[in-house]
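Undergrad: Here you go, one structure.
The values are calculated or read from the model by the stated rules, or taken from the named source; none is laboratory data. The model shown is predicted, which means the values in this text are computed figures rather than measured ones. Backbone-built Cβ (ideal geometry, glycine too); neighbour counts: all protein chains shown. Please note that ligands, DNA and RNA were not included when accessible areas were found on the heavy atoms of the full protein model with its side chains. Shrake-Rupley method; radii C 1.70, N 1.55, O 1.52, S 1.80 Å.
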Amino acid sequence: MSRVGKAPITIPSGVTVTVSNDNVVTVKGPKGELHQALDSDIKVEQQDGTLLVTRPSEQKRHKALHGLYRALLFNMVTGVTTGYKIEQELVGVGYRATNTGNTLDLVLGYSHHYVFELPKEIKVTTTAEKGKNPTIILESIDKQLIGQVAAKIRSLRAPEPYKGKGIKFVGEVLRRKAGKSASKK
């Protein structure tokens, strides 16, 4: 039984949700507009300022889609009202991040720079204060897209377990390993 799918989604004021005949949901809010195509079996109903997602049967496939689409619609409503923000920090000597528009230039200890062109839906800012690690701040209304881009940036130099060098999310706790122990005499 999908407990996630059963929960209604409250629609805040200023947000409009429309469902087309071919089951494409459009969510419009103060920050922008998002679209999501749904499976033809899943139905979305709008009642008294809430969205209800229903499934036709108790099949395993329908149960999985029920919770999935409810979560996606909730993320869309949250995105167009408050938006999403992901902060990443570069830990390592000489690691730098700069941006010009939506182009991110990263120096990660390799012999070359990484120049990363971000989608236009994502706004990027970089900060570099003395005594602190450089940070990359990504902002968007699309949770799926911002998560995908953040994961791609992190994969360029994932944090290593000994010194913790690499690109990590702010607040992320890394499992650290002890280095080599002294030889026994």
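Undergrad: Select from the stretch 1-40 the residues that are out of contact with any helix residue (DSSP H, G or I) (no Cβ under 6 Å at 6 or more places or on another chain) and acidic (Asp, Glu) and write down the one among them that is modelled with the highest pLDDT.
TA: Only one residue tops the list, namely 33.
Undergrad: Now a separate question. Check the stretch 108-117 and report whether any residue there is modelled with pLDDT of 95 or more and within 30 Å of residue 71 (Cα to Cα).
TA: No, the stretch 108-117 contains no residue that is modelled with pLDDT of 95 or more and within 30 Å of residue 71 (Cα to Cα).
Undergrad: Among the residues of the stretch 23-38, how many are loosely packed, with under 14 Cβ neighbours inside 10 Å and either out of contact with any strand residue (DSSP E or B) (no Cβ under 8 Å at 6 or more places or on another chain) or of a type in the set (Val, Ile, Thr) (or both)?
TA: 2
Undergrad: Which residues, taken from the stretch 130-151, are more than 11 Å from residue 88 (Cβ to Cβ) and surrounded by fewer than 18 Cβ atoms within 10 Å (Cβ to Cβ)?
TA: 130, 131, 132, 139, 144, 147, 148
Undergrad: Follow-up. Kindly list the number of the only condition in (1) in contact with a strand residue (DSSP E or B) (Cβ under 6 Å, 6 or more places away or on another chain); (2) closer than 30 Å to residue 13 by Cα that fails for residue 65.
TA: (1)
Undergrad: Still on this structure, I have one more. How many of the residues making up the stretch 146-168 are under 30 Å from residue 28 (Cβ atoms) and touching a strand residue (DSSP E or B) at 6+ places or on another chain (Cβ under 9 Å)?
TA: Number of matching residues: 6.
Undergrad: Give me the strands (runs of 3 or more DSSP E) completely within the stretch 67-185, filtered to those with at least 1 residues that are among the polar types (S, T, N, Q) and in contact (Cβ under 8 Å) with a residue 40 or more places away in the chain, ordered by residue number. Step through it out loud before you land on a result.
TA: Values: elements: 84-91, 96-100, 103-107, 114-117, 123-127, 135-140, 166-169.
By residue number, 84-91, 135-140.
Undergrad: Go through the stretch 50-80 residue by residue and tally those that are closer than 20 Å to residue 35 by Cβ and open to solvent by 50 Å² or more (accessible area, probe 1.4 Å).
TA: 2
Undergrad: List every residue pair whose Cβ atoms lie under 8 Å apart, where the two residues are 6 or more positions apart in sequence or sit on different chains, the first residue falls within the stretch 37-58 and is at positive phi and of a type outside the set (A, V, I, L, M), and the second residue, located anywhere, is at pLDDT 90 or above and outside any loop (DSSP other than H, G, I, E, B).
TA: Filtered contacts from the stretch 37-58: 49/10.
Undergrad: Quickly run through the stretch 152-185 and pick out the residues that are under 24 Å from residue 101 (Cα atoms), exposed (fewer than 11 other Cβ atoms within 10 Å of the Cβ) and charged (D, E, K, R).
TA: Here is the first cut: in the stretch 152-185, the residues under 24 Å from residue 101 (Cα atoms) are 152-157, 166-170.
Then drop every residue that is not exposed (fewer than 11 other Cβ atoms within 10 Å of the Cβ), which leaves 155.
Within the stretch 152-185, none qualify.
Undergrad: Hey, can you tell me all the residues within the stretch 40-49 that are farther than 14 Å from residue 17 by Cα and exposed (fewer than 15 other Cβ atoms within 10 Å of the Cβ)? Lay out the reasoning, then the answer.
TA: Here is the first cut: in the stretch 40-49, the residues farther than 14 Å from residue 17 by Cα are 40-42.
Correct list: 40 only.
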